[in-house]
Every structure is written in C-alpha cells, then in structure tokens.
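All remarks here apply to the structure that follows.
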C-alpha cells in the first residue's frame, strides 16, 4: 500500500473503533475491539515509520497529512503507549467492573472516548499543516476531559473543569500565535497560501523577525500550558491524579509530548527569522522554571499519583531545556527523553494503578509492604521508581545525562549545574516514597484484599522492557529517527 | 457579526469558500451552540443575576475599556493588514479576545467562564478572517468543529457540576491543591 493510503488507514482505524465501541454493548466485544484496533494502529505506524526511514516520506491530501522524523517520533510514542494503555485498560476496567466501582454499561463511553483521544493524538503526529496540527492538539483536550471526569465524583469533576478551561484558553493563545505566523508568511508568500510545514519552511528565513518572534512566544505560552510547562502547569497534577490510571498514562506520557511537538514545530519555523538565540533562551527559561517548580512540589508530595504528575512537569521542563540548549548532544537527549518519558511514565501509572485497584487510596502513607503483598507490582514500583528518577542503567539516565552533558560542553555551565542539582534532589524525592511503599510493614486492616488480575501486569512489564533495553542499546533505525527529529529542531 | 464580516470579505475578494464559511459559522455559532448550551444549562441552577464574580461591576467596565484600547493599539503595532476593512476590524478582534479572557478569569461561574472562552474564540476567528481570509476550507471547518465540540463538552461538564455540587460556581471547587 502507498504511504498516503496508509496514513488514511492509520486515522481510520481509531475512528472505526470509536464508532464500533459506541454502538456495541457486550464488555468482551468492547475489550476485543479495543485490543485489536490499537494493535492494528501499532502495526500501521511501524510500517509508516519503516517507509519514512527508507527515504520515502509518506504524505496525503496536499500535505494536510505528512510524516517527518519529528512527527514520526511522536507517532511511535502514540502507537506504543496507546497499545499498552489499551491492554491495561482492559485489565483495569475488568477489575473495576467486578468490584462495582464502574458499571458495565459505562464501558462503551470509556472505550469510544479512548479511541477518539488516540485519534486526535495520531492526527497531531502526522499533521503536515499548521491548521490541522492546532485542531488535533486542541482536540486532545476535548476528547480526554470527559475521560478525566470518568469516575464522576466531585474531585474528578473539578480536575476536568480546570483541565478543559485552562488548556482550551492555552490552545486559543496558541491559535493566536498560529494566525500571527500565517500573517508573517503573507509577506513572503502572498495573501493566500498553503499553511503547511514544507511551504513555510522554504521561506522561514524571509519572515519578518518581530512578527515571527511574537508568533513563537504566543505558541510557547499557549501550548506550554498544554504541555505542563510552569507556571501554566496548575491543572496538570489535578487532571493526572484524578483520571483513571490508563488515561493518566496517555495524558502524561503522550498528550504532553503532542503539545511539545506543536511548540517545536513553530520553533523550527520561526527560529531562522526571529533569531535562534532568543528563542532558545525562552525555552531554557521555561524549562528551568518547570524543573524548579516540579522539584519543589515533589519533595513534599503525599499522593503517589500527584508525585508522578510533578515528575511529568520535571520531564517536560527537561525536554524544553534540551532543545533550548541547542548543542547536538542535548537536542538528541531531549528527543530520546520524549520517548523514554512516555515509556517510563506510562509504566509508573500502570504500577500505581495496580496499587490503587488494591488499596483504594492515593496516599503514600497508607500503602505498605508491597514486597510481601504484591511482589510482581513491587518489582515494578522499585525498578520503575529508579527509572523515572533517572538512575543508570535505565534509559532516562542516558537522555538526562546527554542533556546535562550537552549543556556543559557548550559552555552553558549555569544551566547545566542548576539542572544537575535539581535532578539529584528530584531523584531522592521520587525514589524514597516508592521504596517506603515497597518495604514498609503492610497496613493491618483487611480492606486490602482485592487481588489484581494478570492482564494489568503485561503492559507494565512491556514498558519496563523498553526502558531497560533503551538504557543500554538504541537500535539503529530508532537512532536514525531520533537523529532526524533532532535535526528538525536544531535550526 | 462574524458571519457578516466573512460575507463582506467574500464580497471584497469574491472567493467561494468564504461564503461557505460565513454561512457555516453563522449556523454553528449563531444557532447550534446557543441552542445546545441553552438546553444543557436550562436545567441547572445557574444564577441569572450573576453574583459569582471576583471583580466588581464598575471596575470590570473600566478594565474592559482599557482592554479595548490595548486591543486597538496592539493591532496598529502589529500592522496586521493594510486594507480599508481590515485595520479597524483587527482592532476589534484583539479587543474581543482580551475581553473574552477577562470575562473568563473575572467570573467564578462555570457558565460565564465558558461564555468568556467563546467570546475569545470569536475574536480569534474574526482575526483569522481579516488576516488571512481563512486558512483553507478544510482547516477552517475543522476549527469550527473543534469549537462546537469543545463547547458541547464543557456544557456537559457544567450539567454534571450542577448535579454533583448543586451549583455552577467554580469558587466551590477548590479541594485539589499541592
């Protein structure tokens, strides 16, 4: 099949899945459709990536859809984490239905929205036109807000409202930025032109500097709100702690990366005209501030899902920082960090999801003795905790070290040392709670008896495998993809 | 008005897709969204006297005036477009965006916050029209669809808020911190 047809198939699968799950009722059928559709998306995505790496960039509809290495990286993330989250959803929801926390007739709403959510994220990865990119990224919020509110009590509702209002406002500011960018292009391309990446990239150095700079800042602030960069992050810990665990994995691991993709696209288009230096400085400042805020809140955190949410802000800050530093090593590290963050963070949300299913609490102090009560999950908690904190030999160590080393080598010593210090403090703040939960004495009350089924362990161990393998070995094709993506964000 | 300006731009540049855009934005923003939101919100205890605000009424008026001036000034600064219709309209558009965001932050009632965001969105679409005469037919329709679905989802959440906390005042939703 040709590349353009495959792009259409890629988007058609989740769409068909959404329609099918909305109209069908039996839980077994819903689970089956979800597993099959996400597996199919993964296969199609891998074929598309293969085409991309062998030199024929797939595109369709006059570049409305287009795959390049940067989009390809996000596509890989969406497809992989989408698949593991779909499998996890099945085990998670089976457990919830058996224990009466979720009614069986609510499953179809969950699965239909899940498919739409994945569809919008896939679309942002393969968009070749800035209008399509904006629509897709803004669409991720709309599709996922009802999922944040899935449990339907007071706190999830508060989280969902905060989430949709703040990120929609952010998306609008980004749209303002996109319009200003379009206006910048008018000088070079005439009144009406194709608002796609290749067209704009061709005239990127001819855009008026002030207009391009304004456009970038608006998009950075707007999509920064969606990517969880401080100080626009305030919705994130709420939404990421209140949503059902498989949705958290997608929100945290994938959706944030999609928003980052939006920022980097505009960065690459505006940097040649507006001056690479000041654009990078803006990214570095937002990155460092996000790190600082995240670490400050990590230290005193008593809720393990909020802990992970702040760790996401830390990782997004690092990614912005890596691209902002601009040294080849740091930018490559930032691209690797996007993938690693997605794998490790989804792994940890799967793990804490298991804790939640069993203990029915998010308080770190009320969970204990995992090594004896849930040995399989305890391994994930200990090893995964080390992984997201950035210990060697896991993959996040490699990417975080690359970012810091890149900064140090390009003589940005201040940024490098602040980052290293914050990473060390963050490391302790993340690892300590997971060790305490694993090795302390188990709580005595008999409430914690709900056994967790086997399905929820499979996706977690798959993600763990990825984090371990990427820590010691980046396969050749993946390296090419990351290098291609890094080149696109180093104008 | 948005539709009228789209139509005026169509007359000026005589491009067919602007006429389609004028009609569809009138239908979606003028008819569909108000009707759907009315149905969703009618059942709630939304207080029509709008008592849930953070900024007093006279102050709000003054701030609104200030924002309008800021809008026109920044439109001149950006020098968005040189044609006769575009210059004043882009000033109006930026003012509308700023005032929309102001409404969203100054009121604590969810219905008013949604209204503020919709106002800002109108300003953006207006700005998009005068700046670029649309981003291409498909893209413009995708944008409109986004607005429509977004408004409906927010309306759904407001209705849920009403049944869960018996109010649409977001000032009562302050449990999640830290």
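Tabulated results
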{"read-out": "Nearest 10 degrees, 0 to 90: helix A:457-472 Cα axis against chain A principal axis", "value": "50 degrees"}
{"read-out": "Chain A: angle of helix A:304-325 to the longest principal axis, Cα-based, in degrees nearest 10", "value": "20 degrees"}
{"read-out": "Computed FRET value (nearest 0.05) for residue B:69 with residue B:27, which takes r as the C-beta separation and R₀ as 35 Å", "value": "0.55"}
{"read-out": "Computed Kirkwood radius, in angstrom, where 1/r is averaged over Cα pairs of chain A", "value": "22.3 Å"}
{"read-out": "Calculated FRET efficiency for the pair residue B:19/residue A:192, C-beta based, R₀ 22 Å, to 0.05", "value": "0.90"}
{"read-out": "Helix A:27-53 axis, angle to chain A major axis (alpha carbon atoms, nearest 10°)", "value": "30 degrees"}
{"read-out": "Whether the range A:194-262 is rounded, prolate or oblate, judged on the alpha carbon gyration tensor where a/c under 1.5 counts as rounded", "value": "oblate"}
{"read-out": "Label-to-label distance, nm, for residues given as residue B:54 and residue A:401 (7 Å Cα→Cβ offset)", "value": "4.5 nm"}
{"read-out": "Projected label distance in nm at residue A:453 and residue A:104, using a 7 Å step from Cα toward the beta-carbon", "value": "1.2 nm"}
{"read-out": "Inter-site label distance for residue A:413 and residue A:22 at 7 Å from Cα along Cβ, in nm", "value": "6.0 nm"}
{"read-out": "Sites residue A:97 and residue A:483 - FRET efficiency at Förster radius 45 Å, r taken between beta-carbons, to 0.05", "value": "0.50"}
{"read-out": "Relative contact order for chain A, counting Cα pairs under 8 Å that sit 6 or more residues apart, in percent", "value": "17 percent"}
{"read-out": "Exercise: per-residue mean of other protein chain Cβ atoms within 10 Å, A:180-190", "value": "2"}
{"read-out": "The range A:228-254-the range A:392-469 distance, computed between alpha-carbon centres (Å)", "value": "17 Å"}
{"read-out": "Compactness index (Cα Rg / 2.2 N^0.38 Å), the range A:236-305", "value": "1.40"}
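A short reminder: the numbers here are calculations on the coordinates, not readings from a lab. Every value quoted in this text rests on a predicted model; they were computed, and no experiment measured them. A quick note on method: Cβ atoms are made from the backbone with ideal geometry, for glycine too, and the neighbour counts reach across all protein chains shown.
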